[in-house]
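Some notes on the structure that comes next.
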Amino acid sequence: MLKHLTLCFALVVTSTMAHAQSKLETIASMSIIGDFVRQIGGERVQVTTLVGAGGDTHTFQPAPQDARRMAQAKLVFINGLGLEGWLPRLVQSSGSKAKVVTVSTGVKAIREASDGHSHGHGHDLDPHAWQDVANAKLYARNIRDALSAADPEGASFYTARSEAYMAELDQLDREIKQGLAQIPPERRRVITSHDAFGYFAKAYGLSFVAPQGVSTEAEASSRDVARIIRQIRAEKIPAVFLENIADPRLMTQIARETDAKIGPRVYSDSLSDSSGPAPTYLDMMRHNLRAFSEALR
Ligand code: ZN
């Protein structure tokens, strides 16, 4: 009996070790996608995130170690929709043979608002599709399929994990809809620094105005800022929100010149680190929901 147990134990240890050695090496362009890959990939997958917590993927500049990481990866997960303009050069300079997986494939993309404050910096698609939970489910499916293709032995594992995660996303979607329904319709208006909530607005019926366009690459002009200040006063927009990736000075100025209050910091393009309020996508969306609800109700 004892001998049998020892043998079992030895087998378990050996298979665990073999498993640890053969993790699928992947790269995620930014923290939100890194979280999705971890949720679906679990312990079979090693995830390295290029743009980490609090980083700005629009303006990211890869370092030499990013090229080295890229060379080792089997899969590279990117958002697409024009978010990672720096990626093709990084892939090329690293000599990487990795398969690049665009996780937004299948998303119905929103075009950049053409209401006269487009900055003409060549971003005609809004890349922030993850702000609609229905799109996050699409991302999760694309990630499941890519992991299963690269690691067929793990296919049923990835399917089981993605199904459990989809159920959590469905629950999150219900929470957002119920939470925002509590806000009076005339108060469902928000100012953020850059236009990162277009998909959220469309899916959940909150309207957003931003002095910067869908990318942080271009600075807001003084004309844009003056226009927004007039709009806040005219429409009595209740609150402005600072984003974790943006310079707070502009929004502080806007709040000072209007009666809008400054709401809690919201997370648009990047998660927080593990000690912050938004270390995962689910946490990030719940944090933003609380922030909007508290400032607007
Ligand atoms: Zn953005």
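Fully extending the segment from ALA226 to ARG111, taken as 0.36 nm per residue of separation minus the present Cα-Cα distance, adds 39.0 nm. Using only alpha-carbon positions in segment 39-80, the gyration tensor eigenvalues give semi-axes of 19, 14, 9 Å once each is multiplied by 5 and square-rooted (largest first).
Between MET285, ILE232, VAL266, the Cα set farthest toward the positive side of the dipole of segment 182-296 (charges on each charged residue's Cβ, about the Cα centre) is that of ILE232.
Charge dipole (Cα centre; +1 on Lys/Arg Cβ, -1 on Asp/Glu Cβ; no other charges) of the chain amounts to roughly 280 debye.
Mind checking the per residue accessible area of segment 182-296 for me, 1.4 Å probe, whole number of Å²? Averaged over the residues of segment 182-296, the accessible area is 43 Å².
Bridge orientation summary for the chain: considering DSSP beta bridges with both residues in this region, about 5 percent are antiparallel.
Counted residue by residue at 0.36 nm each, then reduced by the alpha carbon distance between them, the extension gain from ASP273 to ARG89 reaches 63.5 nm.
Taking LYS108, LYS23 and ordering them by how much accessible surface each has at a 1.4 Å probe, largest first, produces LYS108, LYS23. May I ask which residue of ALA146, PHE208, PRO127 lies farthest towards the positive end of the charge dipole of the chain, with charges of +1 (Lys, Arg) and -1 (Asp, Glu) on Cβ and the Cα centre as origin? The one lying farthest along the dipole's positive direction is ALA146.
In a reduced charge model with +1 at each Lys and Arg Cβ and -1 at each Asp and Glu Cβ, segment 182-296 shows a dipole moment near 500 debye about its Cα centre. Sorting the Cα pairs of segment 182-296 by distance into bins of 10 Å, from 0 upward, gives 14, 49, 32, 5, 0 percent per bin.
Out of every Cα-Cα pair in the chain, what percent are more than 32 Å apart? For the chain, the fraction of Cα-Cα distances above 32 Å is 31 percent. A 1.4 Å probe, protein heavy atoms only, puts the accessible area of THR280 near 40 Å². Amide H contacts of VAL100: VAL76, each under 5 Å away and 5 or more positions distant or on a separate chain (H built 1.01 Å from N in the peptide plane; Pro and chain starts excluded).
Residues whose amide H falls under 5 Å from that of GLU243, counting only those 5 or more places apart or on a different chain, are SER193, VAL266, with hydrogens built in the peptide plane. Close amide H contacts of ALA28 (hydrogens built in the peptide plane, cut-off under 5 Å, sequence separation of 5 or more or a different chain): THR48, THR49, LEU50, PHE77.
Sequentially through segment 220-227, phi angles give Karplus couplings (6.51, -1.76, 1.60; θ = phi - 60°) of 6, 7, 5, 5, 4, 5, 4, 4 Hz, Gly and Pro residues having no value and appearing as x.
Here segment 116-222 is treated with +1 on each Lys and Arg Cβ and -1 on each Asp and Glu Cβ, and its dipole about the Cα centre works out to around 420 debye. Only helices enter this figure: runs of n ≥ 4 DSSP H residues, each worth -39500 (n - 2.57), summed and divided by the residues of the chain, yield -15000 deg cm²/dmol at 222 nm to the nearest 500. Share of carbon and sulfur in the accessible area of the chain stands at 52%, probe radius 1.4 Å. Over 21 Å apart at the Cα level, from the set LYS23/LYS99; LYS202/LYS261; LYS137/LYS177; LYS23/LYS137; LYS99/LYS202; LYS137/LYS202, are LYS202/LYS261; LYS23/LYS137; LYS99/LYS202.
The values are calculated or read from the model by the stated rules, or taken from the named source; none is laboratory data. All of these numbers come straight from a predicted model, not from anything done at the bench. Glycine gets a Cβ as well: all are built from the backbone with ideal geometry, and neighbour counts include every protein chain shown. Heavy atoms of the whole protein, side chains included, go into the accessibility calculation; ligands, DNA and RNA do not. Shrake-Rupley method; radii C 1.70, N 1.55, O 1.52, S 1.80 Å.
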